[in-house]
Amino acid sequence: MVAAVLMQMPEAPAAELLLPVEEERVLITASDYFDSEEYLVGPGDQIWINFPGGVPFAGEPEAVATVVLPIGLDGILVIPGLSPVDVTGMTLMDLQESIGYSIRSGYGRLSVSSGLYRSARFEVPVTGQVALPGIITVNGLTRLTEALDVAGGTTATASLSNILEVTASGDSVVHNINDFLVRGRLENNPLMHRGSSIHVYSADALIIAEGALSGAESTGYRVVLEYIEEETAFAALQRAGGLSERAGIGECHIMRTCHDSLEAIPFDPLLAESSPVLYGSDRIVIPFTQEFINVIGQVEYPQPVSYAPGMNAGYYIGAAGGFTAAARQGGLKLVLSDGTEEEADLTKVVPPGATVVVPRVAVQFWQEYLTILTGVATVIISYQSVFNN
């Protein structure tokens with residue numbers, strides 16, 4: 001027997017979107033978030049039907065009432081007094097048309113409206129280049145980018161232009177998330193479907209954007225991006241978050257390896273038309289204005305530090321919180337505003353607009369073995385403690 005919920009609702013109710021990242025429920029209007037031709041209905045979804053003039057199968061129908069009916073685990077929607085509707089393979093629009101036809105056929109020339117009231121949760125496997133590969137819980141209103149966020153986000157080496165979805169029917173569909181992020185095309189950020197699985201491939205080649213980038217503070221002012229053929233430096237910078245207010249516009253350049261030598265190619269990051277096309281492994285350098293010295297790598301607080309004439313690398317490292325425990329203090333490097341690199345030590349005077357790079361100390365093989373042995377010993381002690389108790 002199907003339980004029908006009757007409600008007073010003069011307007012069509014909102015669909016309920018379960019946001020998997022925050023694990024909270026937010027009511028939204030369905031048409032504001034998805035197209036009824038895009039949403040695939042399925043088991044566990046709840047459908048509202050609005051009956052002007054009252055629900056015909058209710059004991060005492062109200063003037064205007066809405067009924068909420070669930071789709072069963074067998075994929076069947078039962079409207080009391082009418083033939084069951086098998087929703088397998090139906091979009092929400094298909095189901096709306098089927099509901100309208102069934103009610104008109106069974107209850108005379110009765111015009112109704114219907115829609116999604118609540119979207120059921122289901123599981124989707126996510127593998128490949130994500131931080132937390134495994135099975136995640138989403139619903140039919142979750143888009144691909146949101147599903148990837150639930151899986152911890154993509155790694156720095158992920159290919160956002162080559163994300164594979166294998167559907168419940170076994171079809172393979174490749175989605176280009178870069179196209180959605182840059183151009184906003186929703187067809188490359190689809191809704192999740194029951195029975196689908198997602199795999200994120202590794203990028204074939206990478207480029208690096210570093211320096212005065214907006215919003216890149218948490219990554220040490222360096223962003224690793226997938227290389228896209230024929231993409232310009234201007235477009236890549238948009239993917240990297242754009243320029244910081246502290247960018248030295250007149251000193252931007254691309255570091256490119258040509259015939260075993262490193263070449264600096266100047267460009268204007270504000271001109272899209274004349275922006276050079278990138279090659280795989282290019283490094284886009286956006287220097288800070290000469291009012292700042294950028295300190296990155298193994299320091300406590302990687303950040304730009306106000307330039308002080310005549311001060312050395314030790315001064316700027318101290319201003320960035322000092323070395324971390326993993327810093328290789330003897331391997332300091334300066335990247336000058338023209339892109340050239342110099343070896344440095346703590347006494348090296350830093351010129352305006354330069355970047356101080358503090359590398360990480362190499363891990364010795366015996367340290368790796370010691371870490372592994374320590375972990376094994378901890379597990380053994382834990383098991384002994386459990387069994388002894």
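Looking for something β-branched (Val, Ile, Thr), under 20 Å from PHE180 (Cα atoms) and not in a loop (DSSP other than H, G, I, E, B) - is there at least one such residue anywhere in the range 208-229? Walk me through it before giving the result.
Of the range 208-229, the ones β-branched (Val, Ile, Thr) are 208, 219, 223-224, 228.
Narrowing further to those that are under 20 Å from PHE180 (Cα atoms): 223-224, 228.
From what's left, not in a loop (DSSP other than H, G, I, E, B): 223-224.
Checking the range 208-229: at least one residue is β-branched (Val, Ile, Thr), under 20 Å from PHE180 (Cα atoms) and not in a loop (DSSP other than H, G, I, E, B).
Would you mention how many residues in the range 269-295 are more than 30 Å from PRO309 (Cα to Cα), of a type outside the set (A, V, I, L, M, F, W, C) and out of contact with any Leu (no Cβ under 9 Å at 6 or more places or on another chain)?
The first filter runs over the range 269-295 and keeps only residues more than 30 Å from PRO309 (Cα to Cα), leaving 271-282.
With the extra rule that they be of a type outside the set (A, V, I, L, M, F, W, C), the set shrinks to 273-276, 279-282.
Filter once more, so that each one left must be out of contact with any Leu (no Cβ under 9 Å at 6 or more places or on another chain): 273-274, 276, 279, 282.
The total comes to 5.
Among what's in the range 55-69 and is modelled with pLDDT of 85 or more and buried (at least 20 other Cβ atoms within 10 Å of the Cβ), pick the residue that is farthest from the chain's Cα centre (by Cα).
Initial filter on the range 55-69 (modelled with pLDDT of 85 or more): 67-69.
Then keep just the ones that are buried (at least 20 other Cβ atoms within 10 Å of the Cβ); that gives 67, 69.
Working: VAL67: 37, LEU69: 34 Å.
Checking each candidate, the answer is VAL67.
Please go through the range 171-199 and give me each residue that is over 20 Å from ILE136 (Cβ atoms) and at pLDDT below 90, ordered by number.
ASN178, ASP179, LEU181, VAL182, ARG183, GLY184, ARG185, LEU186, GLU187
Quick one: which strands (runs of 3 or more DSSP E) sit completely within the range 63-128 and have at least 3 residues that are of a type in the set (A, V, I, L, M, F, W, C)? Reasoning before the result, please.
On the way: elements: 64-70, 113-118, 121-128.
It comes to 64-70, 121-128.
Could you grab me the full set of residues in the range 214-256 that are modelled with pLDDT of 85 or more and in contact with an Asp or Glu (Cβ under 6 Å, 6 or more places away or on another chain)?
Within the range 214-256, ILE254, ARG256 meet the criteria.
Right, SER159: at pLDDT below 90 and crowded, with 19+ Cβ neighbours inside 10 Å or not? Step through it out loud before you land on a result.
Details: at pLDDT below 90: no; crowded, with 19+ Cβ neighbours inside 10 Å: yes.
No: the conditions fail for SER159.
Taking GLY280 and the conditions (1) touching a Cys at 6+ places or on another chain (Cβ under 8 Å); (2) assigned to a loop (DSSP other than H, G, I, E, B), which numbered condition does it fall short on, given that it satisfies the others?
(1)
Got a sec? Which of THR137, THR127 is over 30 Å from PHE51 (Cα atoms), at pLDDT 95 or above and polar (S, T, N, Q)? Break it down into steps so the answer makes sense when it comes.
Values: THR137 fails: at pLDDT 95 or above.
Being over 30 Å from PHE51 (Cα atoms), at pLDDT 95 or above and polar (S, T, N, Q) holds for just one of THR137, THR127, which is THR127.
Report the residue count in the range 118-144 for those that are among the hydroxyl-bearing types (Ser, Thr, Tyr), more than 14 Å from SER197 (Cα to Cα) and surrounded by fewer than 22 Cβ atoms within 10 Å (Cβ to Cβ). It would help to see each step written out before you state the result.
Filtering the range 118-144 down to residues among the hydroxyl-bearing types (Ser, Thr, Tyr) leaves 119, 127, 137, 142.
Filter once more, keeping what is more than 14 Å from SER197 (Cα to Cα): 119.
Restricting the remaining residues to those that are surrounded by fewer than 22 Cβ atoms within 10 Å (Cβ to Cβ) gives none.
Matching residues across the range 118-144 total 0.
Taking the criterion of being of a type in the set (A, V, I, L, M, F, W, C), surrounded by fewer than 17 Cβ atoms within 10 Å (Cβ to Cβ) and touching a residue at least 12 places away in the same chain (Cβ under 8 Å), would at least one residue in the range 216-233 satisfy it?
In the first step, residues of the range 216-233 are kept if they are of a type in the set (A, V, I, L, M, F, W, C); the result is 216, 223-225, 228, 233.
Restricting the remaining residues to those that are surrounded by fewer than 17 Cβ atoms within 10 Å (Cβ to Cβ) gives 224.
Still in the running and touching a residue at least 12 places away in the same chain (Cβ under 8 Å): 224.
The answer is yes, given that some residue of the range 216-233 is of a type in the set (A, V, I, L, M, F, W, C), surrounded by fewer than 17 Cβ atoms within 10 Å (Cβ to Cβ) and touching a residue at least 12 places away in the same chain (Cβ under 8 Å).
The values are calculated or read from the model by the stated rules, or taken from the named source; none is laboratory data. Quick caveat, the model's predicted, so the values are computed rather than measured. Cβ sites come from the backbone with ideal geometry, for glycine too, and all protein chains shown count toward neighbours.
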